[in-house]
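To start, the structure itself, in structure tokens.
Each value in this text was obtained by applying a stated rule to the coordinates, not by laboratory testing. Keep in mind that what you see is a predicted model, and the values were worked out from it rather than measured. When we count neighbours, we look across all protein chains shown, and the Cβ atoms used for this are built from the backbone with ideal geometry, even at glycine.
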Amino acid sequence: MIGVVTQPDRPKGRELRVASAPVKEVAEGQLPGIPILQSAKASEPEFMDRLAGLGADLYVVVAFGQILPQKLLDIPRLGCINVHASLLPKYRGAAPIQRCLLNGEKETGVSIQKMVKQLDAGDIIAEARVAIPPEMTYGELEQALCETAKPLLLSVLEAYSRGVVAAAAQDFDQVTYAPKVEPEAGEIHWEKGAQELHNLIRAFNPRPGAWCWVDMGSGKKRLKVHRAVCVDQQGVPGSILSRKECIVACGSGALKLLEVQPEGKPRMPAADWLRGCSSSLHF
């Protein structure tokens, strides 16, 4: 490795203090002295000149968050490869992990592809599959995919070092897309089915968070729901079927809320939260 490229330092947190990108922090701690390049726009000529000046043979791109121009992709002698968190050609785009959870997939994986200008359309060099247990969250699946990607990427880099890199074209008839997930899409509408809402909650955990409105008697407040499980009960959507177990009826079936976060408070067991609420509370 002869250089690291990451996003610029940006304000974070409630106080909007400027903080380094996590990749930069790791590079500074574990790779002292290595050049670290940052640019808000990868197409800037000055940035591409600096990148070319490193003289790298191959670029490895992981969740960079910018569309790379063809001029940049053409810089390294061996081209650019991308580590993508899905089994391509399924779930091309910005949010493959969350979208596969929203759709209730039982399996996903990691693909390493040759980069082309078209979104996630390059030939596949290698892939590895990862099972998705029914209760797995976005954060947990992201970590599992990361652990799977490490040895897979190393094997691909070893193949490049030997000059033997086979790749297969994607089946364009099987292409699906995974557009960015917006925070407002995390609102829980109780008239939807329990399984659909369960998938929403785990796909938005830990970020940006699934949430619902709760009428506390004195007004409505937001409640984040971090974990829930489906239960085989029926009732009017949004009604509380069990205050002891915090079971809420959905359009079909019901959800037992396990972990919630009231406005301005930390996460807590849902049953503890409900015990502290007035009997007039309703969803």
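Provide C230, C250 in ascending order of the number of other Cβ atoms located within 10 Å of each residue's Cβ, fewest first.
Values: C230 20, C250 26.
Exposure proxy ranking, most exposed first: C230, C250.
Just going by the charge dipole of the chain, with Lys and Arg at +1 and Asp and Glu at -1 on Cβ, which of S252, G276, N199 is farthest out on the positive end?
Towards the positive end, the residue furthest out is G276.
Along the charge dipole of the chain, pointing to its positive end and built from +1/-1 on Cβ of Lys, Arg, Asp and Glu, which listed residue (V61, M216, L102) has its Cα farthest out?
Result: M216, furthest along the dipole toward the positive end.
Classify the stretch 162-283 from the C-alpha gyration tensor, please: rounded if a/c falls under 1.5, else prolate or oblate depending on whether a/b exceeds b/c.
Judged from the Cα gyration tensor, the stretch 162-283 comes out prolate (a/c at least 1.5, a/b above b/c).
Which order do L119, L255 fall in if you start with the one that has the fewest other Cβ atoms within 10 Å?
Details: L119 12, L255 26.
Ordered from fewest to most neighbouring Cβ atoms within 10 Å, L119, L255 come out as L119, L255.
Compute the FRET efficiency between E44 and K192 as 1/(1 + (r/R0)^6), taking r as their Cβ-Cβ distance and R0 = 41 Å, and round to the nearest 0.05. Intermediate results must be reported in sequence, preceding the final value.
Numbers: r = 44 Å, r/R0 = 1.08.
That gives a FRET efficiency of 0.40.
Compute the signed sum of charges (Lys and Arg +1, Asp and Glu -1) over the other residues within less than 15 Å, Cβ to Cβ, of D120.
Numbers: positive: K90, R92, R99, K114, K117, K180; negative: D123, E127, D171.
Spelling it out: positives minus negatives among the neighbours equals +3.
Who wins for biggest fluctuation among N199, N82, N103 in a Gaussian network model of the chain, springs between alpha carbons below 10 Å?
It is N103.
Between beta-carbons, use under 14 Å as the cut-off and find the net charge around C230, counting Lys and Arg +1, Asp and Glu -1. Could the numbers behind the result be given before it?
Working: positive: K192, R202, R227, K256; negative: E135, E196, D232, E245.
Result for the local shell: 0.
Picking from V26, V231, V61, which is most flexible by a Gaussian network model of the chain using Cα springs under 10 Å?
V26
Magnitude of the Cβ-charge dipole of the chain, K/R +1 and D/E -1, about the Cα centre, nearest 20 debye? The partial results should precede the final answer.
Details: 33 positive and 32 negative charges, 140 e Å.
The dipole magnitude comes to about 680 debye.
Which one is right for this structure if Rg/Rh (Cα atoms, Kirkwood Rh) is calculated from it: [x] 1.05; [y] 1.02; [z] 0.93?
Answer by label: [x].
Name the residues of the stretch 1-19 whose amide N is less than 18 Å from a point 7 angstrom out from the Cα of E28 along the C-beta direction?
Of the residues in the stretch 1-19, 3-13, 16-19 have backbone N under 18 Å from the label point off E28.
Just to confirm the number: angle between the C-alpha axis of helix 138-162 and the first principal axis of the chain, 0 to 90 degrees, nearest 10?
Rounded to the nearest ten degrees, it is 10.
Normalising by the residue count of the chain, find the relative contact order in percent from Cα pairs under 8 Å and 6+ residues apart. It would help to have the intermediate numbers written out before the result.
Values: 542 pairs, mean separation 33.4, N = 283.
Dividing the mean separation by the residue count of the chain yields 12 percent.
Given K192/K244; K90/K117; K90/K192; K41/K192, which pairs have Cα atoms separated by over 29 Å?
Details: K192/K244 23 Å; K90/K117 18 Å; K90/K192 25 Å; K41/K192 40 Å.
Too far apart for the 29 Å limit: K41/K192.
For the stretch 183-275, give the magnitude of the charge dipole about the Cα centre (Cβ charges: +1 Lys/Arg, -1 Asp/Glu; no others), in debye to the nearest 20. Could the numbers behind the result be given before it?
Values: 14 positive and 10 negative charges, 70 e Å.
Value, rounded to 20: 340 debye.
I need M268, M1 ordered by Cβ neighbour count within 10 Å, fewest first.
Details: M268 14, M1 9.
Result, fewest neighbours first: M1, M268.
Would you compute, from DSSP H runs of 4+ residues alone, the mean residue ellipticity of the chain at 222 nm, taking -39500 (n - 2.57) per run and dividing by the full residue count, rounded to the nearest 500?
Per the formula, -7500 deg cm²/dmol.
Counting Lys and Arg as +1 and Asp and Glu as -1, each charge on the Cβ, what is the dipole of the stretch 1-149 about the Cα centre in debye, to the nearest 20?
Details: 16 positive and 18 negative charges, 70 e Å.
That gives a dipole near 340 debye.
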